Amino acid sequence: MNTEFEELYQQIILDHSKRPRNFGPLEDPAAVHVEGDNPSCGDEIQLHVKFGAAGEIEDIKFTGVGCAISQASASLMTLKLKGKPRSEAEGMLKAFSDLITKEEEEAPRMLGDLRLLRGVRRFPQRVKCAMLAWRAFEQALMGSPGAETISTE
């Protein structure tokens, strides 16, 4: 990683961890609620997803505590997924997982700033931090509106 890229990476991660977007509860009985945790790091997330009539991600928010990587990943994820059709959101889930777990030559452009997290793959414990919100989203895709809380563990 070059120095300029590392600085950009650090700035964006710190910004999203200190000022996460879409942070807060989603008090909607039609929303799917998922709780996830990463015991090795102490990260915890509560993800709230409201699917629209056509299956699109109508609204998505999260609460919780955790390291800069887990909070930034959740914040960036909610920005990318809000308003997306279900099929596109599922594609982003796979693309992000591949980005931080596999040696890919080119990061998919559709991930936008999420591509900055590709460096975490060099640190296996940090991969879990970056994937926490995404694992919760994966569970939300399998949930049903108004369902009880689902756990990622």
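The values are calculated or read from the model by the stated rules, or taken from the named source; none is laboratory data. All values derive from a computational prediction rather than experimental measurement. Cβ atoms come from the backbone with ideal geometry, glycine included; neighbour counts cover every protein chain shown.
Of note:
- For beta carbons closer than 7 Å, sequence separation of 6+ or different chains, a first residue in the range 49-62 that is under 10 Å from Ala89 (Cβ atoms) and modelled with pLDDT of 95 or more and a second that is among the small types (Gly, Ala, Ser) and outside any loop (DSSP other than H, G, I, E, B), the qualifying pairs are Val49/Ala140; Ile57/Ala89.
- Within the range 63-122, the set of residues being buried (at least 22 other Cβ atoms within 10 Å of the Cβ), among the polar types (S, T, N, Q) and either touching a Cys at 6+ places or on another chain (Cβ under 6 Å) or not in a helix (DSSP H, G or I) (or both) comprises just one member, Ser70.
- Selected residue [over 14 Å from the mean Cα position of the chain (by Cα), modelled with pLDDT under 95 and of a type in the set (Asp, Glu)] from Glu35, Glu27: Glu27
- The sole residue among Gly64, Gly42, Gly36, Gly24 that is touching a Lys or Arg at 6+ places or on another chain (Cβ under 7 Å) and more than 15 Å from Ala140 (Cα to Cα) is Gly24.
- Remark: Glu27 falls outside the filter, which requires a residue to be without any contact (Cβ under 8 Å) to a residue 12 or more places away in the chain, of a type in the set (D, E, K, R) and part of a helix (DSSP H, G or I).
- Assessment of the range 99-111 against the conditions (under 17 Å from Leu14 (Cβ atoms) and either at pLDDT below 95 or in contact with an Asp or Glu (Cβ under 6 Å, 6 or more places away or on another chain) (or both)) yields no matching residue.
- The set of residues in the range 122-143 that are of a type in the set (Lys, Arg) and modelled with pLDDT under 90 contains only Arg122.
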